[in-house]
Amino acid sequence: MIEWWPHLGLVALGGGIGGALRHIVTVWFDEFAGERFPWGTLAVNLSGAFLLGVLLGFGAGQPAAHGASWLLLGIGVMGSYTTVSTMSLQALLMARDDRRGAALVYVVTTLVAGVTAVLAGYFLGTLS
């Protein structure tokens, strides 16, 4: 009766996977590099941007062309794996703690490198 239920299930499944992966990567980076700078969130956002570009590239630039795989991987996994809200909060906390330079570097690096990662992933995805 309602056609969007199967789509919602794919997005929810992917969201659970992506959220768990984000936690694993963030904890690993925090343990490896320390928590003074949010390396884990930066790594998650940049790797997620790259992987989303790869997924988009495989579909010749049309998310709808992916169907179920786009719902599961593009929206579900990558949507919960990457996070602008965490990046924004971490930048605010650094600025509040008189680390405004680090906050600015973090935000600019995330944006510039994120767009670059999407482009690199997209071009890699279109090669296949």
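Across the range 27-41, what is the total count of residues that are surrounded by fewer than 20 Cβ atoms within 10 Å (Cβ to Cβ) and either touching a residue at least 40 places away in the same chain (Cβ under 8 Å) or under 22 Å from Val118 (Cβ atoms) (or both)?
3
Select, from Ala103, Ala117, Ala95, Ala91, the only residue that is farther than 18 Å from Val11 by Cβ, buried (at least 16 other Cβ atoms within 10 Å of the Cβ), in contact with a Gly (Cβ under 8 Å, 6 or more places away or on another chain) and of a type outside the set (Asp, Glu).
Just one listed residue meets the conditions, Ala117.
Which residues, taken from the range 42-61, are under 22 Å from Gly101 (Cα atoms) and surrounded by fewer than 21 Cβ atoms within 10 Å (Cβ to Cβ)?
The answer is Leu42, Ala43, Leu46.
Residue-by-condition table, conditions (1) among the aliphatic types (A, V, I, L, M); (2) on the phi > 0 side of the Ramachandran plot:
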| residue | (1), (2) |
| --- | --- |
| Trp70 | no, no |
| Val84 | yes, no |
| Met87 | yes, no |
| Asp98 | no, yes |
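Any residue in the range 8-24 that's among the basic types (Lys, Arg): show its pairings with residues that are assigned to a helix (DSSP H, G or I) at Cβ separation under 7 Å, as long as the two are six or more apart or on different chains.
Arg22/Val44; Arg22/Ser80; Arg22/Tyr81
Determine which member of the set Leu8, Leu21 is at pLDDT below 95 and of a type outside the set (Gly, Ala, Ser).
The unique qualifying residue is Leu8.
Hand me the list of helices (runs of 4 or more DSSP H) wholly inside the range 1-110 holding 2 or more residues that are under 30 Å from Leu127 (Cα atoms) and out of contact with any Cys (no Cβ under 9 Å at 6 or more places or on another chain).
Hits in the range 1-110: 5-33, 39-58, 78-81.
The values are calculated or read from the model by the stated rules, or taken from the named source; none is laboratory data. What you are looking at is a predicted structure, and each value in this text was computed from that prediction instead of being measured. Ideal geometry is used to build each Cβ from the backbone, glycine not excepted, and the neighbour counts take in all protein chains shown.
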